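In what follows, a structure is listed as C-alpha cells, so that the remarks can point back to it.
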Amino acid sequence: MIEEILNKENLNKSDIINLLNSDGDDLQLLFDYSTKIKNKYIGNKVHLRGIIEYSNICSKNCYYCGIRKDNENVNRYILSEEEVIEASKFAYHNGYGSIVIQTGELQSENNTKKIEKLLKEIKSLSDNKLGITLSCGEQTEEVYKRWFDAGAHRYLLRIESSDKELYEKLHPNNKLHSWQTRVNCLYALKNIGYQVGTGVMIGLPFQTNEHLADDILFMKNLDIDMCGMGPYIEHEDTPLFQYKNNLLSLNERLELSLKMLSVLRIVMKNINIAATTALQAISTKGREDAIRIAANVVMPNITPVLYRENYKLYENKPGINEDCEDSIKSITRLVQNAECEISFSEWGDSKRFKNREK
Ligand code: 5AD
Ligand code: SF4
C-alpha cells in the first residue's frame, strides 16, 4: 500500500497520516524514497550555518522552553558586539557560508538597533559574502524590513504547531502568545522578500499524527523555503514537564521526527531542511540519519562556549562544552557518514526560493 501512496503526485492528509504510521519494511521504503527524492532535487551537498545564540533574554513564557521568562534558574546573558563579530569572523574564515543569529524574543528599539548594527558590521567584515539568517521571534513588519535592509535575507520562525488549539495548550493565553500573530509574521516576512523557514516540535503532549499531517500541509500551503523541526524534549523547569509520563519515548519521538522529515522532503522536494540539534540530543546518529534521508543543512553552534550552558531550551542539549574546532570535525564526520559532502563558503539558498524568483 505504501508504494501506491509514494507514487501519487499529491499527498492528501490521510496519505500523510498513513506514511507517519508506517513501520518495518514500509518505513524503510519511505526513507529510501525520500533519500531518492533528496538526491534528485538537492544532490548530496550539505550547507553549514554557524549558529550564534545571541541572547537568552526572552519576554515570552512558552510552556515548553527552558529559557522562558519565568524560569529563574537561568543566568541571563547578552553577547557583546565584539563576541558576535568574533564568532562571525570564525564562521567566515572557516568556510561556513552563512550564520544564524538566534535569540529570545525582545521587542524594543534598543534590541532592533543592536541587531541592525550587527548585521551591517557582519556584512562589511565578510565583504558581503556571509549569508545571514535571523531567528529573533515575532516583530513588526517595520522591524523585519529594517533587518532585511541591513543585510539579513533569511528568517526562521517556527509555527510550533499549525493547529491553533494545540498551540494554545502550549502557550499562555495572552496577546504576546497569539497563534494568529505568528502566522501573520510569517506572511509579513514573505512579503518583504525573506527566504522564510518554519517548523514544529514533534512528540508534544496532546499532539497526534493528524496534527502532524496538518503541519506538513500548512508548510506546503505557506510555500515555505526552509524548515527546521525536531523532537520535543522536556525541560524540568517548564510547565509542560508535568506531562512527561504521557509522552512517546525519546526514541519514538526521534523516529517520528525522521518520518516527518522524509514526508516533508517528498511533499516539498526543493526546500532546505535542517538536521536540528534536538535530533542529536536523543541519539548520536540523529542528525546523520536526518541528512541521509532528507536534510541538507546543519547548524554548528559557534556561540562562545562560556555562554552555552545558559541557552538550554531542553535537557541534554549536545555540544555544550564543545569548542568550535571540535564542532567542525564532528560535523564533517557526521556528513561523511551520511554519504554527503559539506559545501563550504556558499550561501546555499533554498532552491525553491530561487525557482520562484525566476
Ligand atoms: N524541545 C524541543 N524544542 C524546543 N524548542 C523550544 N523548547 C523546546 C523543547 N523543550 C524549539 C522551539 C523554538 C526553537 C528555537 O526551539 O521550536 O522555536
Ligand atoms: Fe522565548 Fe523562543 Fe523560548 Fe518561547 S521558545 S520562551 S519565544 S526563547
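The values are calculated or read from the model by the stated rules, or taken from the named source; none is laboratory data. Just so you know, these numbers come straight off a predicted model, no measurement behind them. All Cβ positions, even for glycine, are placed from backbone atoms using ideal geometry, and neighbour counts span all protein chains on display. Heavy atoms of the whole protein, side chains included, go into the accessibility calculation; ligands, DNA and RNA do not. Shrake-Rupley method; radii C 1.70, N 1.55, O 1.52, S 1.80 Å.
Listed here are the residues, each with its yes/no results for (1) without any contact (Cβ under 8 Å) to a residue 12 or more places away in the chain; (2) part of a loop (DSSP other than H, G, I, E, B); (3) among the charged types (D, E, K, R); (4) within 16 Å of ligand 1 (Cβ to nearest atom).
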{"site": "I5", "(1), (2), (3), (4)": "no, no, no, no"}
{"site": "R49", "(1), (2), (3), (4)": "no, no, yes, yes"}
{"site": "I52", "(1), (2), (3), (4)": "no, no, no, yes"}
{"site": "C58", "(1), (2), (3), (4)": "no, yes, no, yes"}
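Can you say whether K13 is more than 29 Å from C340 (Cα to Cα), charged (D, E, K, R) and either open to solvent by less than 70 Å² (accessible area, probe 1.4 Å) or modelled with pLDDT under 95 (or both), as far as the supplied structure shows?
yes
Looking only at region 26-35, count how many residues are closer than 9 Å to A294 by Cα and not polar (S, T, N, Q).
Of the residues in that region, 1 qualify.
Tell me yes or no: at least one residue of region 37-49 is surrounded by 21 or more Cβ atoms within 10 Å (Cβ to Cβ) and among the basic types (K, R).
The answer is yes, given that some residue of region 37-49 is surrounded by 21 or more Cβ atoms within 10 Å (Cβ to Cβ) and among the basic types (K, R).
If I filter region 243-254 down to residues being assigned to a loop (DSSP other than H, G, I, E, B) and of a type outside the set (G, A, S), which single residue comes out as farthest from ligand 1 (Cβ to nearest atom)?
Out of the qualifying residues, it is L248.
With the structure loaded, tell me whether N73 is open to solvent by 10 Å² or more (accessible area, probe 1.4 Å) and either touching a Pro at 6+ places or on another chain (Cβ under 6 Å) or away from ligand 1 (no atom under 16 Å from the Cβ) (or both) or whether it fails that test.
When the stated conditions are applied, N73 does not pass them.
Would you check if N128 is farther than 20 Å from E86 by Cα, open to solvent by 10 Å² or more (accessible area, probe 1.4 Å) and either away from ligand 2 (no atom under 16 Å from the Cβ) or not charged (D, E, K, R) (or both)?
no
Counting just the residues of region 302-344 that are open to solvent by 30 Å² or more (accessible area, probe 1.4 Å), touching a residue at least 40 places away in the same chain (Cβ under 8 Å) and not in a loop (DSSP other than H, G, I, E, B), which one comes out farthest from Q102 (Cα to Cα)?
N337
Collect the residues in region 243-259 that are under 22 Å from A294 (Cα atoms) and either in contact with a His (Cβ under 6 Å, 6 or more places away or on another chain) or open to solvent by 90 Å² or more (accessible area, probe 1.4 Å) (or both), keeping them in residue-number order.
Correct list: N251, E252.
Given the options N7, N39, N94, name the one that is away from ligand 2 (no atom under 16 Å from the Cβ), closer than 26 Å to V297 by Cα and at pLDDT below 95. Walk me through it before giving the result.
Values: N7 fails: closer than 26 Å to V297 by Cα; N39 fails: at pLDDT below 95.
Of the residues listed, the single one that is away from ligand 2 (no atom under 16 Å from the Cβ), closer than 26 Å to V297 by Cα and at pLDDT below 95 is N94.
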